[in-house]
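**Q** Could you have a look at this structure, given as structure tokens, before my questions?
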Amino acid sequence: MNRILASLSSNSPALAATLLRVALGIVFLAHAGAKYFIFTLDGTARFFVAHGFPGWMATPVFLAELFGGLALLAGFKVRWVALALFPVMVGALQSHLAMGWMFTNAGGGWEYVAFLLATLLTQALLGSGAYAVDNLRVRAQGPVAQTSAS
């Protein structure tokens, strides 16, 4: 038992970064999927226009969420991807601010969006964690001990 706890404790920062990265990847893929399969890109464009954004932004936002989610899952350029998704979520925050705090409010509040913003910043600070493509690239470059590559 002590050996397991020691192993977890020595690997916990990398594993925590990995868990956060995978969870964020899944969330962004789900958001992209909802825009494409449930609301459709046309419906998403109309939603954007209704909230003061240009309708043409629906496709770039969809692509950012899709490829950003895939990159997070793979652990590819995680710090940059997390920072690139941040403005997408700032836009989402703007459309949810008027709905109040709780996401269960009519139209959805802003608590969930604020949480995603915080987790994106946390991921950018933590890096890729374990089991990431970024780590394969670091190992291929030489014996640099770095578990949280870009």
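**Q** For Val113, Val49, give me the order by solvent-accessible area with a 1.4 Å probe, most accessible first, ignoring ligands, DNA and RNA.
**A** Val49, Val113
**Q** What number comes out for the charge environment of Leu70, summing +1 per Lys or Arg and -1 per Asp or Glu over other residues with Cβ under 13 Å away?
**A** Local charge sum for Leu70: +1.
**Q** Report the extension gain between Val133 and Leu70 in nm, rounded to one decimal, defined as 0.36 nm multiplied by the number of residues separating them, less their alpha carbon distance.
**A** Gain in length upon complete extension: 21.5 nm.
**Q** Let me ask you something else. Nearest 500 deg cm²/dmol is fine: what mean residue ellipticity at 222 nm does the chain get from its DSSP H runs of n ≥ 4 alone, each adding -39,500 (n - 2.57), divided by its residue count?
**A** -23500 deg cm²/dmol
**Q** While we're on this one: Provide the net charge surrounding Gly91, with neighbours chosen by a C-beta distance below 14 Å and charges set as Lys +1, Arg +1, Asp -1, Glu -1.
**A** On the way: positive: Lys35; negative: Glu65.
Once all neighbours under 14 Å are counted, the net charge is 0.
**Q** Starting from the residue with the highest accessible area, list Lys77, Lys35 in decreasing order, probe 1.4 Å.
**A** Lys77, Lys35
**Q** Springs between alpha-carbon pairs under 10 angstrom, Gaussian network model over the chain: which of Met102, Met89, Met57 fluctuates most?
**A** Met102
**Q** Still on this model: With a 1.4 Å probe and every protein chain kept in, tell me what percent of the accessible surface of the chain is carbon plus sulfur.
**A** So the carbon and sulfur contribution to the accessible surface is 73 percent.
**Q** Could you compute how much accessible surface Phe76 exposes when probed at 1.4 Å, giving the result in Å² to the nearest 10?
**A** The accessible area comes out at roughly 90 Å².
**Q** Between Ser9 and Phe39, how many nm apart are label points set 7 Å from Cα along the C-beta direction?
**A** Distance between the two pseudo-spin positions: 4.6 nm.
**Q** Could you order Glu111, Glu65 by accessible surface area, starting with the largest, using a probe radius of 1.4 Å?
**A** Most to least solvent-accessible, the answer reads Glu111, Glu65.
**Q** Accessible area of Ser12, 1.4 Å probe, to the nearest 10 Å²?
**A** Surface accessible to solvent at Ser12 totals approximately 50 Å².
**Q** I would also like to ask the following. Just add up the charged neighbours of Gly127: K/R +1, D/E -1, any other residue whose Cβ is under 12 Å from the Cβ of Gly127.
**A** +2
**Q** Could you work out the relative contact order of the chain? I mean the mean sequence separation of Cα pairs under 8 Å and 6+ apart, divided by the number of residues, in percent.
**A** 27
**Q** Let me ask something else about it. How long, wide and thick is the range 26-111, going by the Cα atoms along their three principal axes, in whole angstroms, largest first?
**A** Taking the Cα atoms of the range 26-111, the three principal extents are 35, 27, 20 Å.
The values are calculated or read from the model by the stated rules, or taken from the named source; none is laboratory data. Just so it is clear, the structure is predicted and the values come from calculations on it, not from any experiment. Neighbour counts run over all protein chains shown; Cβ positions are idealised from the backbone, glycine included. Quick note on the areas: whole protein, heavy atoms, side chains included, nothing else; ligands and nucleic acids left out. Shrake-Rupley method; radii C 1.70, N 1.55, O 1.52, S 1.80 Å.
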